[in-house]
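The values are calculated or read from the model by the stated rules, or taken from the named source; none is laboratory data. Not measured: the values here are computed from a predicted model. Ideal geometry is used to build each Cβ from the backbone, glycine not excepted, and the neighbour counts take in all protein chains shown. SASA here: full protein model, heavy atoms, side chains in, ligands and nucleic acids out. Shrake-Rupley method; radii C 1.70, N 1.55, O 1.52, S 1.80 Å.
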Amino acid sequence: MQSSAVLPAFLLGSILLCCVERSAAFSHLQLPSLPRSHRRPSVSVDSSPSLSLSPPVGSSSVLLHRRRPTARRTSLLASTDSAADAATGTLDKSPFFITTPIYYVNDAPHIGHAYTTVACDVIARFMRLDGREVCFLTGTDEHGQKVQEAADRAGRTAIEFCDDVSETFRQLTYDRLNCTVDRFIRTTEEGHRKAVQHLWRVLEERGHIYLGAYEGWYSVRDEAYFSDSELVDGKAPTGAEVIKVVKEPSYFFRLSEWQDALLRFYEENPDFLGPWSRKNEVISFVKEGLRDLSISRTSFQWGVRVPESDEHVVYVWLDALTNYLTAVGYPDTESEPFRKYWPASLHVVGKDILRFHAIMWPAFLLAAGIEPPKRVFAHGWWTRDGQKISKSVGNVIDPIQLVERYGLDAVRYFMISEVAFGQDGDYSDTSMANAANTLANDLGNLLQRTLTLVYKNCDKQIPQPQTDFTEDDQALLSAADGLLEECRRSVALTQGLHHYAEALIKVARQANKYIESQAPWQLKKTDAARMTTVLFVLCETLRRVAVLFQPIIPLAASQMLDQLGVPTDERAFDSVEEGRRKSGVAIDKPSPVFRKMEIETGDDAAKADKGGREQTKAQKETLPAVAL
Ligand code: MSP
């Protein structure tokens, strides 16, 4: 792991700060005599619930006047509540709404896009297997100047261009990455236009929008505004080219008025921002003060029209963020999906767009009287061989090529295990191959060795333990028994996806040591009863590991469970909660589940797997380095 140089950390600083003269007092705030922290918007528009920003003493969170039943409000993600839940043995089974950012269609999908979607898929699958109803949302962000210009360059109409690229993202999501997305949204959908325009009207009626003029700089690549003082050598701080916007009429959102409310919101919702390391960055940013935000453009046309002001299109970030509401039925806040899934349980985003989600988005929602999401988690960026990934450097990583060369499960496992979720990570062919080989060695070999012995010596059936469990047996079994809770803590509370993967592989490694020390192949000659107990312990450990590995390596885990004779309706997480499995299940002759990789780069390190184990000749596969 290493830190990347790619982060435009200050990006949003500028995006949020398009400064204008403030025209009017914040008219909807009815309590001017109170300090700002005690003001509360009280206007209720349409069906949007009205929101109290100043909870009564003793209240621990922003309150909706109309709240859902308590069970719905309990968040597995709220670390304090959840820790208590875990301690008292109750488990949140409420619906879970998880989202990726929606991807710009001006570019082909790359590893960054694949990464977020796979990470969210792992969490979505985990929650489903843990008994929760899940809505997993992804899609494409199709409006804005950047997309318009890309379409122009391609000689296509904007919508033709969007149709094609959006389809590429859709295929990557479903066909190549095998992601269990429930809703793939496009911002060019009619329903989304209606949702954006409705949200606009609500904000306007509540007094949060005014007409002014914007003057300054705009980066099309970042779709972000910058002031003179923020430019670095005439460019955006991200290095992107900027264009001068000469006094363009623009609507503004009164973001400056939300500083106190946002700070209070972060304080009252300590789990709203993750990981912890990013939280302070956002809070300090807000503490420095917010300026009103330009939320419409007149210099191009490709976007949602501002209601009753046709020459303006809605700023692409207000448009894009609204997708999270559209997908669950907004503006119909009484609809079943909205009642079931809003507020979103978890928005997963890259660190470069955290502030859009952590500042702009809750401010819009609070202003509109809609409850903000429960949690926003920012992951890091990938570099390649230590270098920033960019088209001009020519080191872009195509996720489709990666999957074709290494296999989907290996790629998914690599993405999850290689990088501490939330931090930057580095791709290299060597580390990718090592990840594939970890699966093959630590999991594949163990399964193959265990089931071959079972097949040959136990009547082709998962055996009954025929002796009492020894201390070694108990140690391995209790490590396997403890996995579910450990994984729940990592995935649901902190999104520590790498800890989750590590916990599983650690038990597999413990089982490898166990098989070596117990040597069941020798026991078969000296103590057949003991051999059956050892093989039972191994099969049971493998079953638990495979059940819990399903979200990360769905195809391989399902093959493992097939070979272990586990019926498909006994693969949810409650199957590892309910004690040990009955023995006596028939199995087929085992066959290898994972491929081993060797990379011919001349780099010796590439040829050794992470655990330093020998590779089995028969399973070795030679691959060229990924030339992308
Ligand atoms: N359209 C906006 C998001 C709107 S969400 C309401 C957008 N799109 S994007 O296509 O440019 O980026 C989508 C995601 O890809 C971001 O979360 C970004 O962090 C992520 N990545 C882009 N390059 C990346 C890497 N090299 N590594 C990891 N993720 C990176 O922003």
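Side notes on the structure shown:
- Region 428-586, dipole about Cα centre (Lys/Arg Cβ +1, Asp/Glu Cβ -1), debye to the nearest 20: 400
- Cross-link check: pairs LYS340/LYS374; LYS146/LYS244; LYS244/LYS391; LYS524/LYS596; LYS194/LYS247 evaluated at a Cα-Cα cut-off of 21 Å; pairs beyond the cut-off: LYS244/LYS391; LYS524/LYS596; LYS194/LYS247.
- Taking all Cα-Cα distances within region 409-455, those exceeding 11 Å account for 68%.
- Formal net charge of residues neighbouring LYS456 (Cβ-Cβ distance under 14 Å; K, R +1; D, E -1): +3
- Legend: calculated FRET efficiency, ALA586 to LYS93, from the Cβ-Cβ distance at R0 = 45 Å, rounded to 0.05, equals 0.85.
- Per-residue surface analysis assigns LEU493 an accessible area of about 30 Å², computed on protein heavy atoms at 1.4 Å probe radius.
- Each listed q (0.12, 0.15 Å⁻¹) maps to a log10 I(q)/I(0) for region 428-586, found by the Debye formula over equal Cα scatterers with no solvent: -0.50, -0.77.
- For region 84-153, size of Cβ-based charge dipole, Lys and Arg +1, Asp and Glu -1, in debye: 180
- Ordering of 285-295, 404-414, 330-340 by packing is 404-414, 285-295, 330-340, highest average first (other Cβ atoms within 10 Å, averaged per residue).
- Amide hydrogen proximity for GLY139: with H placed 1.01 Å from N in the peptide plane, the residues at 5 or more positions away or on another chain lying under 5 Å are TYR103, ILE185.
- Per-residue 3J(HN,Hα) values for region 108-113, derived from phi via the Karplus relation 6.51 cos²θ - 1.76 cosθ + 1.60 with θ = phi - 60°, read 6, x, 10, 4, x, 5 Hz in sequence order (x marks Gly and Pro).
- For LEU273, distant residues with modelled amide H under 5 Å away: VAL376
- Kirkwood-Stokes translational diffusion coefficient of region 192-344, alpha-carbon pairs, 4 °C, 1.567 mPa s, µm²/s: 75
- Rounded to whole Hz, the Karplus (6.51, -1.76, 1.60) HN-Hα couplings of region 492-503, x for glycine and proline: 7, 8, 10, 6, x, 5, 5, 5, 4, 4, 5, 4
- Most to least packed among 238-247, 538-547, 162-171 [average Cβ atoms within 10 Å]: 538-547, 162-171, 238-247
- Residues whose placed amide H lies under 5 Å from that of PHE96, excluding near-sequence neighbours: GLU133, VAL134, CYS135
- Protection proxy ranking of 217-225, 480-488, 390-398 - average other beta-carbon atoms within 10 Å, highest first: 217-225, 480-488, 390-398
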